[in-house]
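Comments concern the structure below.
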Amino acid sequence: MNPGPAVSVIIPAYNTAGYIDRCLDSVLGQSLRNIEVIVVDDGSTDDTAARIETHAEPRLILLRKANGGPSSAKNLGLDRARGEFVLLLDSDDWLEHTCLEEMVAKATADGLDIVGSDAWYDYPGKPPLHWPSSPPASEWTSRESVLRDVLAMRNASWMATRLYRRALFEEHQLRYDEQIHYSEDRLLDLVLFHHARKVAKLDRAYLHYVQRPGSLTNRKDIDFFSDIAAHDAIVEFMSRHGLVESHRTELDYLEYRTVFISLVRASPEDPRHAGEFAKIATHIAGYADNPLVKSYATSMPARTRWLALVYRIDYRLGCRVRRAIERARSWRSTASRAACHGVRREQRSSSGQTRRESGA
């Protein structure tokens, strides 16, 4: 039996001073008291560390490091963890009061290595929106079925909706790939499910996934090539374990979404663009026959769907169209800034005229 805490909650934090208090209040206030909370300040330049220090108590451990990205921060937390189970939580999100108690009870009663749950989307000024981030518990029929759903992105790799037995990390020497800064969770989540012996889900939403400007998942300047690197690592893992052909439909769909569509959205000016496209060029014709691709394509924004079609017909034509779109977007942005500048200048001029007339 593990003599340490029941759960290690690992929280990487970077410049979330306005959110970290609520996050820590929700974790330290859990109905399950036998936990440790490991917060890794990843070189924040705001008051995040100072806010964390105001919550000082024996169960809270604050680690500081130079900025290296969320993967390195989470790895440091995993290295220090002592709990029987692990939950990885972003510092701007928060948990329902009974989250850890109920997930640990489920894992213990059924001998589970992974317990899943659902989430709430928290939008500013709106009531939380319930989001079933994975299929219902009745469809978690086996580790294999869940693995397929993770590959097909039907089961979202939101780590804070999972409780993992820490032994999975240690027995198989699993950590985040620190070279991958986006979609790093999907890769590790998939590997953990592959090694798990028994998994299940609670049809309850515990995670509050806060939507805020500037968060990594809401930024417009995402490095799409990190998404591609995560996909390549997944394919390498599946190949090493002889799982590619038995999961061909799901892997081709994952390639379509995380490689092809990433290239459609990325700038063709990036020197990596042509080379990455060349790697999948012979696969593109087959996308049309993939049932998962067909279903997803109907949900894409019309412009993305149209541009994807152009790229499928001819790569160079797709690049030309993409450059035209970027030029038009740049022109609109410049025109908008000029118009705002003109309005402000007119307002200042009008204000000055009013003051002169008043002085007269």
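Side notes on the structure shown:
- Considering only 310, 8, 24, and ranking their Cα positions along the charge dipole of the chain that arises from unit charges at the beta-carbon of Lys, Arg, Asp and Glu, the one farthest toward the positive end is 310.
- Percentage, to the nearest whole number, of Cα pairs in the range 183-313 over 19 Å apart: 59 percent
- Full extension of the chain between residue 288 and residue 80 yields a length gain of 70.2 nm, computed as 0.36 nm times the residue separation minus the alpha carbon distance.
- Assigned charges on the beta-carbon of Lys, Arg, Asp, Glu; the range 1-80 dipole about Cα centre (debye): 220 debye
- Ignoring lysines fewer than eight residues from residue 106 along the same chain, the ones with Cα atoms less than 24 angstrom from its Cα are 198, 201.
- Of the solvent-accessible surface of the range 59-155, computed with a 1.4 Å probe and all protein chains present, 55% belongs to carbon and sulfur.
- Each Lys or Arg adds one and each Asp or Glu takes one away; over the other residues whose Cβ falls under 14 Å from the Cβ of residue 256, this sums to +1.
- Both the radius of gyration and Dmax for the chain are 23.7, 87 Å, in that order, over alpha-carbon atoms.
- Stokes-Einstein translational diffusion, the range 1-156 - Kirkwood Rh over all Cα pairs, 1.002 mPa s, 20 °C, in µm²/s: 128 µm²/s
- Top positive-direction residue, dipole computed over the chain with Cβ charges, set 281, 191, 155: 281
- Expressed as a whole percent, the accessible area of the range 175-295 that falls on carbon and sulfur atoms is 51 (1.4 Å probe).
- Mean accessible surface per residue for the chain, computed with a 1.4 Å probe while every protein chain stays in place, in Å²: 49 Å²
- Put simply, the Cα atoms of the range 61-144 extend 44, 39, 26 Å along their principal axes, the longest span coming first.
- Taking N as the residue count of the range 1-46, its C-alpha radius of gyration divided by 2.2 N^0.38 Å amounts to 1.31.
- Loop-located GluC sites (Glu not before Pro) in the range 267-336 (DSSP state other than H, G, I, E, B) with a sparse environment of at most 15 neighbouring Cβ atoms within 10 Å: 269.
The values are calculated or read from the model by the stated rules, or taken from the named source; none is laboratory data. No experiment lies behind these values; they were computed from the predicted model shown. Here the Cβ is made from the backbone with ideal geometry for all residues, glycine too, and neighbour counts use every protein chain on show. Ligands, DNA and RNA are excluded from the accessible area calculation, which covers all protein heavy atoms including side chains. Shrake-Rupley method; radii C 1.70, N 1.55, O 1.52, S 1.80 Å.
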